[in-house]
Amino acid sequence: MTRSTFVHLRIPFSYFLMPVFLLAACLADKVDWMNFAISFAIIHLLLYPASNAFNSFYDRDTASIGCLKNPPKVENELLTVSLALDALAVVAGFLVSWQFAVAILFYAICSKIYSFDKTRLKRRPIASWLGTALVQGGFIFLVANFAVQPPGGFPVPVPSQKILLAAGIVTVFLMGFYPTTQIYQHAEDEKRGDRTMSMLLGTRGTFIFTGLTLLAASFLSCMLFGHCYDGKTLLLFILMQMPSAAYFAAWYVSFLKDNGRADYDHVMRFNVISATGMNLFCILFYLSQHHGYF
């Protein structure tokens, strides 16, 4: 594997999607830690990098993309590595259960439909936005919640109302975050003939839409944690969300003064702050609920 191919796997990008898995595990009735470790590794070290690589192969970006400010030239082997990682993820999925393996295969197929030049969901702004939020959000949340619980196999349990609500909230969060990842790529996407949600909204519209959507998702989260848990959990969630909310507000104000602030560096900082806050919340939430800390 060449250095270029390895870099295009964009493994650090999995950190931004990690809150989906961790929250699903936190809300599980019981956690089988072997299943947790296996499913976590499959999703974050195989499935997501395979999707990133496939996307990079067909996009062949020369400008900044997620986690790569200056992407190296795409090598032909990238497609082979991407498909190999997908195959390995599906096979490894049987270590959890055949249902989990099928779910991994479904995600892999969806990621191909998104990027493959013959299907290219990226040319359809609404469909790609909804599809990405539903599959990376609610679907992976439900798959992870199922996978980490013993026995992680048949029969598949019917999700409770709390879990379904949480899956919906995660999807709304992804619906808000997704357009910001495209906000600095308008010229590159237009050059390929893609039509993204951020292009449809416009740069300023992306900020407004994202702000309102994340506000709605946060409000729904407060309802979930306040109703199903306790005031301490609700307060913890609010505290962990405050840094990303403050950064987003300051970023938008700076954008109004200088439109050039809608760039790669600001998007990556926002993603890091948001993911870190949510990952910390999940860890502290689990320690509080299951071990009596805090």
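The values are calculated or read from the model by the stated rules, or taken from the named source; none is laboratory data. Quick caveat, the model's predicted, so the values are computed rather than measured. A quick note on method: Cβ atoms are made from the backbone with ideal geometry, for glycine too, and the neighbour counts reach across all protein chains shown. These area figures cover heavy atoms from the full protein model, side chains too; ligands, DNA and RNA do not enter into them. Shrake-Rupley method; radii C 1.70, N 1.55, O 1.52, S 1.80 Å.
Restricting 289, 241 to residues that are part of a helix (DSSP H, G or I), of a type outside the set (A, V, I, L, M, F, W, C), surrounded by 15 or more Cβ atoms within 10 Å (Cβ to Cβ) and more than 22 Å from the chain's Cα centre (by Cα) narrows the list to 289. For the range 159-182, residues that are open to solvent by 40 Å² or more (accessible area, probe 1.4 Å), within 30 Å of residue 203 (Cα to Cα) and not in a helix (DSSP H, G or I) total 0. Looking across 261, 204, 195, one residue alone is open to solvent by 70 Å² or more (accessible area, probe 1.4 Å) and in contact with a Lys or Arg (Cβ under 8 Å, 6 or more places away or on another chain). It is 195. The set of residues from the range 1-53 being over 18 Å from the mean Cα position of the chain (by Cα) and small (Gly, Ala, Ser) comprises 4, 28, 37.
Does any residue of the range 225-243 turn out to be within 23 Å of residue 130 (Cα to Cα) and among the hydroxyl-bearing types (Ser, Thr, Tyr)? No, every residue in the range 225-243 fails to be within 23 Å of residue 130 (Cα to Cα) and among the hydroxyl-bearing types (Ser, Thr, Tyr). Please verify whether the range 147-169 includes one or more residues that are aliphatic (A, V, I, L, M), under 25 Å from residue 252 (Cα atoms) and free of Cβ contacts under 8 Å to residues at least 12 places away in the same chain. No. Going by what's in this entry, would residue 86 be described as at pLDDT 95 or above and of a type in the set (Asp, Glu)? Judged against the criteria, residue 86 is a match. Across the range 94-125, the qualifying residues are those that are open to solvent by 20 Å² or more (accessible area, probe 1.4 Å), among the hydrophobic types (A, V, I, L, M, F, W, C) and touching a helix residue (DSSP H, G or I) at 6+ places or on another chain (Cβ under 7 Å), and the one among them that is farthest from residue 20 (Cα to Cα) is 116. Among the residues of the range 185-198, is any in a helix (DSSP H, G or I) and β-branched (Val, Ile, Thr)? The answer is no; no qualifying residue exists.
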